[in-house]
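See below for the structure under consideration.
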Amino acid sequence: MSSARLVLASGNAGKLAEFRALLAAYPVEWVGLGEFPGISMPEEGTDYRQNAIEKARTVALATGLPAMADDSGLEVAALGGAPGPLSARYGGPGLDDDGRLQKLLAAMAEADDRRAAFVCWAALARPDGRCVTREGVCTGVLLRVATGGGGFGYDPIFQPDGHAVSMAELASTEKNAISHRGLALAALSPELEALVAWG
Ligand code: IMP
């Protein structure tokens, strides 16, 4: 068994909980950014993949440990793909998760086309700067009313294709099996296994 330590390069509590569950099978010690105060994270742009690379690389270089990061967002067809990479900032700095989803519901009040997709790019960076990325996409529709208390962010207003409930009503294991983040991390598993073997 390896005693490798890897850093989860995110300060988002909802994401961290999902990362930890998704990565629990690997024989590594996952540490949070809280153990490394003072790392200044890069400004986020509008390219998921580039954002994920920059977050993971910044943390791997600063800590000397491999680091995993993601950049994700909700793309709404009727809004031309918005809020997309700007999902965390939708509606401006004064809003919390509930404020953002209420704003999105209001923006979509008249829309019949409810198609949407969660998109995630996950990046795994090594301290020497090498970095691999993978994408995961979860398609579905936007609901008209928020329902469910699980997950985080826009989960209460997103119904994944093939399900009759919101993402926030799924058990966390069910969400992780179909989610954009779960799919991106599953696609990264060969690289994670190689990293664990490499120690
Ligand atoms: P990031 O930290 O810039 O990647 O922000 C991603 C934002 O997209 C989050 O703050 C949420 O608003 C939204 N988001 C990403 N993944 C999820 C998810 O799994 N459920 C609900 N909202 C999500």
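Against the conditions (1) open to solvent by 80 Å² or more (accessible area, probe 1.4 Å); (2) among the charged types (D, E, K, R); (3) within 22 Å of A88 (Cβ to Cβ); (4) more than 13 Å from the chain's Cα centre (by Cα), R49 satisfies every one except (4).
Scanning segment 12-41 for residues that are within 18 Å of V132 (Cα to Cα) and within 16 Å of the ligand (Cβ to nearest atom) turns up F19, L22, L23. Residues in segment 24-65 that are in a helix (DSSP H, G or I) and of a type outside the set (F, W, Y): 18 in all.
The residue that is farthest from M68 (Cα to Cα), among those in segment 24-37 that are among the hydrophobic types (A, V, I, L, M, F, W, C) and open to solvent by less than 40 Å² (accessible area, probe 1.4 Å), is V28.
Give segment 62-82 a look and list any residue that's within 20 Å of the chain's Cα centre (by Cα), more than 16 Å from P156 (Cα to Cα) and within 15 Å of the ligand (Cβ to nearest atom), or say none. A67, M68, A69, D70, D71, S72, G81, A82, listed by residue number. Of everything listed in (1) in a helix (DSSP H, G or I); (2) out of contact with any strand residue (DSSP E or B) (no Cβ under 6 Å at 6 or more places or on another chain); (3) open to solvent by 80 Å² or more (accessible area, probe 1.4 Å), the single unmet condition for A21 is (3). Have a look at R89, R115, R126, R181 and point out the one that is within 11 Å of the ligand (Cβ to nearest atom), under 24 Å from R49 (Cα atoms) and more than 14 Å from the chain's Cα centre (by Cα). Exactly one residue qualifies, and that residue is R89. Just one of the listed residues (G153, G148, G99) is touching a strand residue (DSSP E or B) at 6+ places or on another chain (Cβ under 8 Å) and under 19 Å from A13 (Cα atoms), namely G153. Among the residues examined, L104 qualifies as within 10 Å of the ligand (Cβ to nearest atom) and over 17 Å from the mean Cα position of the chain (by Cα). Counting residues in segment 142-151 that are under 29 Å from P190 (Cα atoms), within 13 Å of the ligand (Cβ to nearest atom) and open to solvent by less than 20 Å² (accessible area, probe 1.4 Å) gives zero. The residue list D98, D71, D128, D112 contains one member that is open to solvent by 60 Å² or more (accessible area, probe 1.4 Å) and in contact (Cβ under 8 Å) with a residue 40 or more places away in the chain, which is D98.
Evaluation of E193 against the conditions (1) part of a helix (DSSP H, G or I); (2) more than 25 Å from R20 (Cα to Cα); (3) among the acidic types (D, E) shows that the sole unmet condition is (2). Within segment 74-94, the set of residues being open to solvent by 60 Å² or more (accessible area, probe 1.4 Å) and either over 17 Å from H180 (Cβ atoms) or in a loop (DSSP other than H, G, I, E, B) (or both) comprises G80, L86, R89, P93, G94. When A197, A164, A187 are checked against the criterion of being modelled with pLDDT under 95, more than 11 Å from the ligand (Cβ to nearest atom) and either among the hydroxyl-bearing types (S, T, Y) or open to solvent by 30 Å² or more (accessible area, probe 1.4 Å) (or both), A197 stands alone in meeting it.
The values are calculated or read from the model by the stated rules, or taken from the named source; none is laboratory data. The model shown is predicted, which means the values in this text are computed figures rather than measured ones. Ideal geometry is used to build each Cβ from the backbone, glycine not excepted, and the neighbour counts take in all protein chains shown. The protein model used for the area step is the full one, side chains on, heavy atoms only, and it has no ligands, DNA or RNA in it. Shrake-Rupley method; radii C 1.70, N 1.55, O 1.52, S 1.80 Å.
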